[in-house]
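The values are calculated or read from the model by the stated rules, or taken from the named source; none is laboratory data. Computed from a predicted model, the values in this text were never measured in an experiment. We place every Cβ from the backbone using ideal geometry, glycine too, and count neighbours over all the protein chains shown.
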């Protein structure tokens, strides 16, 4: 992607605005007078992707040398905590948005005196503001992976449907046309994989998006701590969860999914699911699973009449750890890695949209990337107190409804209480 003069100016302003911050944030732990700066970064991002971004620094003969160590997601937490306890941890980490709360006390934020909030907002997409709290900027956004809708072109064509739905109300009439059942009402082909959690890939993120589309932030800071905003249930949240669970209700005309079916991603890849809600990064996996699948990609649907479009985004940022033995160098490293050059290299390597607004103004020639770019601007997420435990909370909420144990309002309130206990 060609970097325009405007982008160069933005990058220059970015650098000027935070040079002072690098100086202020340098501590007595480090006296970095050497020409080169060496730091170590840990994360779960594939090494090939991260190193593609850091290659820009090498190409520009930067004195900053970054050693990236990829960790398996299931081992990242334990490995990092053990390393920090032993005093041999990395200088910085790639911080997913759902682990901000988990690692907040281990991170040095960039104060607003070094980088103002308006400057931050002008540089990065809106979801990046999850990395901002009262003390400053916890991490600089590095990557974004938005939730989009994959659709089976053959299934829609066979049903005489020319275009995929754009609003949720269209699904109610469309899904029965696309769902095929045998004489015993067993689902052979499904119009939509909604209503359950255990066999629906990205169920938590889908449900989160439906709630956020009603204006519910799910969590937010209260006077003293992070608090759940699920409870009390509202008309909007009840409507969103009712809509989701109805597709797993056998007595409803739009019944199209149940717990006995295989995983939704596998069903879509096999050509037996009309719509699959997955992340932009999943496109190569879907292609590899079934090279003959005739599918397309479009935006995550919105409520009818919505004035603000919302989808979910998995974001990762770069954060400096308090235990870094080279604090000044670590800040210089993450600042350099979130400039136009590295972010552009990362986007080209992964096919994912960039987090910088100045790069998102480009109009990609690839139609899939065009959807991904626009979806990145719409992306939102929420501050998750514990990703594994909150996933269980969401699953219990949905299954208590589809299992007939609780009405929707009560299930939402219990989920809110459970988030607060976490």
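List of remarks:
- Every condition in (1) more than 20 Å from residue 313 (Cβ to Cβ); (2) modelled with pLDDT of 95 or more holds for residue 225 except the one numbered (2).
- With respect to the conditions (1) under 26 Å from residue 59 (Cα atoms); (2) surrounded by 22 or more Cβ atoms within 10 Å (Cβ to Cβ), residue 311 falls short on a single one, namely (1).
- Residue 357 out of contact with any strand residue (DSSP E or B) (no Cβ under 6 Å at 6 or more places or on another chain) and farther than 30 Å from residue 181 by Cβ: yes
- Unique match (being more than 22 Å from the chain's Cα centre (by Cα) and either part of a strand (DSSP E or B) or at negative phi (or both)) among 314, 304: 304
- For the stretch 124-138, the set of residues classified as over 15 Å from the mean Cα position of the chain (by Cα) and buried (at least 22 other Cβ atoms within 10 Å of the Cβ) consists of 137 only.
- Total residues in the stretch 375-422, condition under 22 Å from the mean Cα position of the chain (by Cα) and assigned to a loop (DSSP other than H, G, I, E, B): 7
- Helices (runs of 4 or more DSSP H) lying entirely in the stretch 86-183 (those with 2 or more residues that are at pLDDT 95 or above, touching a strand residue (DSSP E or B) at 6+ places or on another chain (Cβ under 8 Å) and under 30 Å from residue 291 (Cβ atoms)): 153-158, 169-178
- Residue in the stretch 110-119 that is under 13 Å from the mean Cα position of the chain (by Cα) and buried (at least 20 other Cβ atoms within 10 Å of the Cβ) present: no
- Residue 320 vs. criteria within 15 Å of residue 37 (Cβ to Cβ), in contact (Cβ under 8 Å) with a residue 40 or more places away in the chain, crowded, with 21+ Cβ neighbours inside 10 Å and in contact with a strand residue (DSSP E or B) (Cβ under 8 Å, 6 or more places away or on another chain): yes
- Residue check for residue 352: surrounded by fewer than 20 Cβ atoms within 10 Å (Cβ to Cβ) and either touching a strand residue (DSSP E or B) at 6+ places or on another chain (Cβ under 8 Å) or assigned by TED's automatic domain parsing to the domain that holds residue 278 (or both): no
Matching residues to (1) under 28 Å from residue 347 (Cβ atoms); (2) in the same structural domain as residue 301 (by TED's automatic domain parsing):
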| site | (1), (2) |
| --- | --- |
| 123 | yes, no |
| 131 | yes, no |
| 152 | yes, yes |
| 155 | no, yes |
| 162 | no, yes |
| 168 | no, yes |
| 178 | no, yes |
| 186 | no, yes |
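- Residue list for the stretch 190-233, filter: closer than 19 Å to residue 149 by Cβ and free of Cβ contacts under 8 Å to residues at least 60 places away in the same chain: 210, 211
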